1. For region 8-195, taking Cα atoms only, what is the radius of gyration to one decimal and the Dmax to the nearest whole Å?
2. Need one number for region 109-182: average projected area of the convex hull over its C-alpha atoms, nm².
3. Label Ala186 and Gln161 with points 7 Å out from Cα along Cα→Cβ: what is the distance between them in nm?
4. Would you mind working out the magnitude of the charge dipole of region 8-195 relative to its Cα centre, with +1 at each Lys and Arg C-beta and -1 at each Asp and Glu C-beta, to the nearest 20 Debye?
5. Going toward the positive end of the dipole of the chain, with +1 on Lys and Arg Cβ and -1 on Asp and Glu Cβ, which of Ala87, Leu57, Cys114 do you reach last?
6. Report, in listed order, any pair from Lys51/Lys185; Lys73/Lys191; Lys152/Lys193; Lys14/Lys193; Lys162/Lys185; Lys62/Lys162 with a Cα-Cα distance greater than 30 Å.
7. Mind ranking 131-139, 161-169, 43-51 by how tightly packed they are, going by the mean number of other C-beta atoms within 10 angstrom, highest first?
8. Hey, what number do you get for the chain at 222 nm if only DSSP H runs of n ≥ 4 count, each worth -39500 (n - 2.57), divided across all residues, to the nearest 500?
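All of the numbers you see were taken from the coordinates with simple rules; none came from a lab. Values in this document were obtained by computation on a predicted structure and should not be read as measured data. For neighbour counting, all protein chains shown are included, and Cβ atoms are generated from backbone atoms with ideal geometry for every residue, glycine included.
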Amino acid sequence: MWFQDVKLESRNIKLLPLREEHSAALVSAASDGELWTLWYTSVPDQNSVDKYITAALEQKTKGLALPFVVLDKSTGNIIGSTRFCNADLLNQRVEIGYTWYRQSYQRTSCNTECKQLLLTHAFEVLGAIAVEFRTSWHNQASRAAISRLGAKQDGVLRNHQKLANGGYRDTVVFSIINSEWLTVKAGLEYKLKKCS
């Protein structure tokens, strides 16, 4: 198994292993902005949160994912979720995905801190050679946030996934490779220093 449960911590946030008992806190976080109404992404609501957590934990059991809740250290509240997913141990590649934060934490240092923690763990502990990010073509905010991290766009997977409404999702793929990590890391540290 590539993944082991781990707690990651920065100045303002903690990433804690996702547990079944986090369901109410995740719904509360998603209620800030009613994030489940965003048609181009998957954020749980009261009716889907148990299925969301079960699927994440099943992927974890198979060694394919390591899901987290995002905790604000100043309040002790859970403000979102993120995870390592689609792990490819043979090729030492992993994706960071399923990331969302309550609306009031968007466009703060939260995402930069989360990604710095996850990328550091991926490259410096897991020994990943590449970390991917994937998002819907229509999720302009996510695409811009991924670019700001220092990831490069690899391409667009057309008709990549079927949608519940019968349509198809085009998925934009970004990545950071291990030879770029030190430069990306310096950029993230600079961004966070400016926020403090």
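1. 15.8, 45
2. 5.6
3. 3.5
4. On the way: 23 positive and 18 negative charges, 92 e Å.
So the dipole magnitude of region 8-195 works out to roughly 440 debye.
5. Of the options given, the answer is Cys114.
6. Values: Lys51/Lys185 35 Å; Lys73/Lys191 20 Å; Lys152/Lys193 23 Å; Lys14/Lys193 18 Å; Lys162/Lys185 35 Å; Lys62/Lys162 24 Å.
With Cα atoms farther than 30 Å apart: Lys51/Lys185; Lys162/Lys185.
7. On the way: 131-139: 20.0, 161-169: 10.3, 43-51: 15.6.
Taking the mean over residues of other Cβ atoms within 10 Å, the ranking is 131-139, 43-51, 161-169.
8. -9000 deg cm²/dmol
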